[in-house]
Amino acid sequence: MGFEFALRLTEVMLALALAQQSLEQIAIDRRDAPWLGLRLALCAALLVPALAAPAIWGLFGLGLWWLWRYDGSFNGGSDKMTLLILACLSAAHLAPDRFWAEMALAYLAVQLVLSYVISGQVKLMNPAWRSGEALRHVFLFSAYPVSEGLRRLADRRLVTFWGGWLVMLTEVAFPLFLLHPLALLAGLVLAAGFHLSNALLFGLNRFFWIWLCAWPSLIWLQGRLTS
């Protein structure tokens, strides 16, 4: 995957993800409809290649305003990843030459890898995750609206034990997936399964779409490192 294609694919995916978030939020609470309408307009502009740079800068500025509006991120980790992507894309468009533009996209890819590795390390240091008890509590006491059938998975100790270890090992070993394109494909399939299960089971759909928006940078970097 070439640099220009990876950059443009990231922009298009981000525009669609943020548009979906905005429409979802307007449907739930119309108090911020004017600002969300502005974000929708910027997302539409981002789909036009000639308007990509000002649209990215506008979305980044709006994201910073959002932090002030809610005294922090509105939706936790997904908003932080959104701002990271916007910051890197803004830097890529402001870069004085191709080298620094590539460095901006590479920084996004490195941060994406670290998001998995650090999360896995934290889990590995927690005895509750190593025993499967943490994942059991996720199913048993989740604050998200889930079915009783899903909560009964908490009683399947083998599922929670091996499921927890699969998550931890995939996260801490994520840098190894960069060694080969097929290895990266396998790693992204595992990561997609993890994010998709969180979206389907617990309604964490924003994490699924936003993390996918950063994947073109990782695919590009893997090709750049091994070429």
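The values are calculated or read from the model by the stated rules, or taken from the named source; none is laboratory data. Predicted model, so just to flag it, every value in this text is computed and none were measured. Cβ coordinates were reconstructed from backbone atoms using ideal geometry, including for glycine residues, and neighbour counts include every protein chain displayed.
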Which of the following residues is touching a helix residue (DSSP H, G or I) at 6+ places or on another chain (Cβ under 8 Å) and at pLDDT below 85: LEU176, LEU204, LEU218? LEU204
Out of ALA134, ALA143, I need the residue that is under 20 Å from SER197 (Cβ atoms), modelled with pLDDT under 80 and in a helix (DSSP H, G or I). Which one? ALA134
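This table checks each residue for (1) part of a loop (DSSP other than H, G, I, E, B); (2) at pLDDT below 70; (3) of a type in the set (A, V, I, L, M, F, W, C); (4) surrounded by fewer than 18 Cβ atoms within 10 Å (Cβ to Cβ).
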| residue | (1), (2), (3), (4) |
| --- | --- |
| SER119 | no, no, no, yes |
| PHE139 | no, yes, yes, no |
| LEU158 | no, no, yes, yes |
| LEU166 | no, no, yes, yes |
| LEU182 | no, no, yes, yes |
| GLY193 | no, no, no, yes |
Residue under question is GLY2, and the condition is that it be more than 19 Å from the chain's Cα centre (by Cα) and not hydrophobic (A, V, I, L, M, F, W, C); does it hold? yes
